[in-house]
Amino acid sequence: MKKFIETLRNCWKVEDLRQRILITILFIAIYRFGSFVVLPGIDPSSLENLHSQTEGGLMSLLDMFSGGAFANASIFALGIMPYISASIVMQLLAVTVPYFQKMQREGESGRKKISWYTRILTVAILLFQAPTYLINLNVQSGNAIADGLSWPMFAIPSTFILAAGSMFVLWLGERITDKGVGNGISIIIMIGIIARLPQAFIQEVTSRFTAISGGGLVMFIVEILILFAVVCAAILLVQGVRKIPVQYAKRVVGNKQYGGARQYIPLKLFAANVMPIIFAQAIMFIPLAIVQYSTDNTNAIFRSLMDHTSLLYNVVFAFLIIAFTYFYTAITLNPNQMAEDMKRNNGFIPGVKPGKDTENYIDTVMTRLTFPGSLFIAFIAIMPAFAGLLNVQQGFAQFYGGTSLLILIGVVIDTLQQIESHLMMRHYDGLLNSGRTRNNAGGVSAY
């Protein structure tokens, strides 16, 4: 506690860091305020059915990532997820389409073009998702729309408002990245998740101490201990790194000697970040759309896939996570490129021949890391279902694993590392100055 207080004092002493933290808090406050500003023509007191719809199943995850804005029919109801969906598509195009591959190799100018295309695609997704959201709003809480307001007069302006709201959230995230501390988009997602934690915690405590079969204080302590163990395991997963030694040959240019030093290539156990879970989660949302148009004979299958506590859902979800972990690791880490860069800089792995042997060695190490990493990610992702077996309330069970837990841990570590770097530049000690986190190759952002 003393070290924590001392770190806060040091943060306040550094003027640039103090301004960045205050700017981050200001933008977060703006985002949270907008989450409660409802669409024009909506009576917020008549949204009971929409709130009920988002209390369970996959819809609760959508509401969680938006910080409750989805259930509030807010101007920020669609949140930042359309931009993340567009970013995922652009990342896939940059790997599979030659035009985007060339653009990615153009450096800063190429990144600006890809960023521009990503925004265009985000707007296109928003113009599709906004009417879908409004149709669902009309079905669930049509009485919330003001009397005398026709559907076209409500839907058309609201579509543009929802699209503009999501783009404004994106702008806030970018400003946090530029002017604040941490990855802005990741922080916005994290704040949306944290916003539901107090309510979920209170509901869980109430259920344990009021219900006859709740288990009382003993079961609540067991829950907290299990949650603590899962958090510790997730932290180890985020920080897990295998370092490959690289020896650089000595070169003499004129009277100066270059090279000869040994460095390390950090290969992370969690190299794919939370992207495999996000990919898999996006696919698991498909039954949510299909079930609305399916017949009664097929509804049972789709509804099972919509229930995150069902066996079928968790088996399919875990399989998709493992598959996407291999896929995303393969497209983000290229052993051939790493071997070529190493050879070009007169570097080699001790005991391994440069070129093809080095590529095969790096690929083997990555494969051995990816397999346990994918199993670990899949296990953490389905932990909320196991929490449900202990009669943990669904809202609180979401914090036992899955994207929520990994995002919270990853973003917190990433933000603390950025604060640490600011303090170290001014010769101040930070929270992580003696821990493993400082020595690792970076934290994990949600995006």
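It is to be established whether one or more residues within region 71-83 are free of Cβ contacts under 8 Å to residues at least 40 places away in the same chain and more than 27 Å from PHE327 (Cβ to Cβ). Yes, region 71-83 contains a residue that is free of Cβ contacts under 8 Å to residues at least 40 places away in the same chain and more than 27 Å from PHE327 (Cβ to Cβ). Counting only helices (runs of 4 or more DSSP H) that fall entirely inside region 324-431 and contain at least 3 residues that are over 27 Å from the mean Cα position of the chain (by Cα), the qualifying elements are 335-344, 356-381.
For (1) under 23 Å from SER85 (Cβ atoms); (2) at pLDDT 70 or above, each residue gets a yes or a no:
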{"position": "GLN263", "(1), (2)": "no, yes"}
{"position": "LEU267", "(1), (2)": "no, yes"}
{"position": "ALA271", "(1), (2)": "yes, yes"}
{"position": "GLN281", "(1), (2)": "yes, yes"}
{"position": "GLN292", "(1), (2)": "yes, no"}
{"position": "ASN299", "(1), (2)": "no, no"}
{"position": "THR309", "(1), (2)": "no, yes"}
{"position": "LEU312", "(1), (2)": "no, yes"}
{"position": "PHE317", "(1), (2)": "yes, yes"}
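Taking the criterion of being open to solvent by less than 90 Å² (accessible area, probe 1.4 Å), closer than 18 Å to ILE80 by Cα, assigned to a helix (DSSP H, G or I) and of a type outside the set (Ser, Thr, Tyr), the residues of region 1-37 that qualify are PHE27, ILE28, ALA29, ILE30, ARG32, GLY34. With respect to the conditions (1) modelled with pLDDT of 85 or more; (2) within 25 Å of GLY182 (Cα to Cα); (3) within 25 Å of the chain's Cα centre (by Cα), MET64 falls short on a single one, namely (1).
Within region 367-385, the set of residues being more than 19 Å from ALA229 (Cβ to Cβ) and open to solvent by 20 Å² or more (accessible area, probe 1.4 Å) comprises THR367, ARG368, LEU369, PHE371. Does region 38-60 hold any residues that are part of a helix (DSSP H, G or I) and at negative phi, and which are they? Correct list: PRO44, SER45, SER46, GLU48, ASN49, LEU50, HIS51, SER52, GLN53, LEU58, MET59, SER60.
Can you report the number of residues in region 136-182 which are open to solvent by 40 Å² or more (accessible area, probe 1.4 Å) and on the phi < 0 side of the Ramachandran plot? Explain how you work it out, then say what you get.
Step one: of region 136-182, the residues open to solvent by 40 Å² or more (accessible area, probe 1.4 Å) are 138-140, 143, 146-153, 156-157, 160-161, 164, 167-168, 171, 174-175, 177-179.
From what's left, on the phi < 0 side of the Ramachandran plot: 138-140, 143, 146-147, 149-153, 156-157, 160-161, 164, 167-168, 171, 174-175, 177-179.
The total comes to 24.
Only residues that are among the small types (Gly, Ala, Ser), closer than 23 Å to VAL205 by Cα and open to solvent by 20 Å² or more (accessible area, probe 1.4 Å) were counted across region 388-427, and they come to 2. Looking across region 101-123, just one residue is surrounded by 13 or more Cβ atoms within 10 Å (Cβ to Cβ), under 30 Å from LEU62 (Cα atoms) and over 22 Å from the mean Cα position of the chain (by Cα), and that is LYS113.
Can you name the residue in region 161-199 that is among the charged types (D, E, K, R) and touching a helix residue (DSSP H, G or I) at 6+ places or on another chain (Cβ under 7 Å) and is also nearest to GLN418 (Cα to Cα) among such residues? Selected residue: LYS179.
Restricting attention to region 95-119, which residues are under 23 Å from MET167 (Cα atoms) and not basic (Lys, Arg)? Can you show your working first?
Of all residues in region 95-119, those under 23 Å from MET167 (Cα atoms) come to 108-119.
Within region 95-119, GLU108, SER109, GLY110, ILE114, SER115, TRP116, TYR117, THR118 meet the criteria.
The values are calculated or read from the model by the stated rules, or taken from the named source; none is laboratory data. These numbers come from a predicted model, not from an experiment. Backbone-built Cβ (ideal geometry, glycine too); neighbour counts: all protein chains shown. Side chains are part of the model used for accessible areas, which takes the heavy atoms of the whole protein and leaves out ligands, DNA and RNA. Shrake-Rupley method; radii C 1.70, N 1.55, O 1.52, S 1.80 Å.
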